[in-house]
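Written below as C-alpha cells is the structure these notes are about.
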Amino acid sequence: MLIGITYTIYSDKDRVIELLKNDHNFEDGETEFTKWKAELKDEEKRDKKNPELLLGMVKMNYERKYMIEIKTEEELHEYRKSILFLLLAVDSALSPRYENWVRDNRNNQKENVKIDVSEFMKKIDNDNKEKYKIMSVADFTVSTDHKSNDELKQEISKILKNPLRSLKEDYFMYLAEVTASRTNCMSRKVGCILVKDDYRVIATGYNGAPKYIDNCIDGRCERCKGIKEEGRDNCICLHAEENVLLIAGREAEGCTLYCTTEANKNIEKEEEAKRESNTKNDNPKGKGGEASNTKNDNSEDKIEEANRENNTKNEIENNPEDKIEDKARKEAEDKAKVGTVNGKISLIPYTPKTKRFELYPFRNMPHATHE
Ligand SMILES: O=c1ccn([C@H]2C[C@H](O)[C@@H](COP(=O)(O)O)O2)c(=O)[nH]1
C-alpha cells in the first residue's frame with residue numbers, strides 16, 4: 001500500500017507522519033525507493049517514469065506500507081492509476097497554523113522575517129496556489145487542530161480500516177450517484193440502477209421529463225417551478241425508479257434496485273399489486289410464466305414469503321387492540337418494506353448509514369474536469 005501525503009504549511013503534518021510510522025509501520029517511500037532502485041538492472045529502469053517505477057516497488061512488496069509526499073498533480077495522476085494508492089491530506093485551522101509559524105520563526109530566529117499576520121498570509125496564499133487542487137481531491141483529510149495525539153491516532157486508525165478496493169454495495173451506490181448527475185428535473189437529483197445477479201447493470205434511471213418533450217430544467221414543469229401545487233398530477237417528471245423500470249422492462253425481474261433516495265412508495269405498491277395478481281392468477285412460474293436462472297428463480301417461494309410478511313404487516317395494522325409494541329411494529333414494517341426480496345425486486349435505499357463521503361471516497365473514481 002502507498003499513502004500519498006499532501007498538507008497545508010504549518011499544519012503539523014509531522015505528527016501524522018510519526019503516527020503512521022510508529023503505530024502502523026509505514027516506511028518512508030523515497031528512502032526505500034532509493035535502496036530498491038539501486039538493486040535494479042539498468043534495463044529494468046529504462047523508459048519508466050519515477051511514479052511508475054515506484055509503484056512497481058509497491059506492487060512487488062504489496063504487504064509493506066509506504067508513504068511519500070505528493071507535490072504535483074502530474075505525479076498524483078500517475079499514482080492514482082493504482083488501487084494500492086490513497087491520498088491523505090493534512091490540514092488545520094488557521095490560528096494553530098499561525099501559532100506554529102510564529103514559534104518556528106522565533107525558534108529559528110530567522111532574520112528579515114517580520115512576525116506579523118500579513119507575512120503569514122502571504123505564505124499561506126503561495127502555498128494554497130500550489131496545493132489547492134491536490135488537497136481538494138484527497139481521499140481523506142485529517143485535521144490536526146486542537147487534537148490530542150490520542151484523538152489523531154483514532155482518526156488515522158479509522159481511515160486505515162477502509163478497504164482499498166470499494167465494497168460492492170458502495171460501488172453500486174456510487175453508480176447510482178453518478179446516474180443522478182444526469183437528472184433533468186429541477187426539484188431534486190435522484191438516480192438509481194438495476195443490478196442482476198450481483199454484477200450486471202441492467203438499466204440506469206434518473207428523474208426528469210419524458211424523452212421528446214422539453215426538460216424540466218428548461219422550465220417545462222409547472223409544478224417543479226412552483227407555479228402549480230405539489231402533487232404528481234401537476235408534475236410532468238418521471239421518478240428515477242419509474243424510468244429505470246420502464247427502461248429495463250421484463251429484465252427488471254429478479255434485480256436489485258440501488259437508489260440514492262428512499263425508493264418511491266408507489267413502486268412498492270406497484271410491486272405489491274403485481275405480486276398479488278401473480279398469486280391470484282396462480283401462475284406457477286410467476287409473471288409471464290417465465291423460468292429464469294437468476295437468484296430469484298424460486299419466485300414462488302419469494303412471493304409466498306413476501307405475502308406472509310405483508311399479512312403480518314396487515315394483521316399488525318388491522319388489530320390495534322393487539323397492543324403490539326411500537327418497536328415490534330416498526331421492525332415488522334421495516335422488514336416488509338426494504339431489505340427482503342420484495343416479490344420481484346429487492347430495494348436497497350439510500351440510508352443515513354451510507355454517508356456519501358465515507359462511502360465514496362474519490363479514490364480511483366474518475367474526476368470530471370471541465371477545463
Ligand atoms: O439511461 C437513462 C436514459 C434516460 N432516462 C430517462 C430520464 C428522462 O426522464 C428521459 C429522457 O432523458 P434525456 O437524458 O433527457 O434524454 O429518459 C433514464 O432514466 N435513464
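Read-outs throughout are calculated quantities, based only on the coordinates presented, and are distinct from any laboratory measurement. Remember, it's a predicted structure, so these values are computed and weren't measured experimentally. Counting neighbours? That spans all protein chains shown, and the Cβs are built from the backbone with ideal geometry, glycine included.
Odds and ends about this structure:
- Euclidean distance between Cα centres, the range 81-143 to the range 1-56, Å: 21
- 10 Å binning of all Cα-Cα separations within the range 17-114, expressed as whole percents from 0 upward: 12, 34, 27, 18, 9, 0
- Working ranking of peptides 65-71, 122-128, 199-205 by packing, defined as the average number of other Cβ atoms within 10 Å per residue, highest first, is 65-71, 199-205, 122-128.
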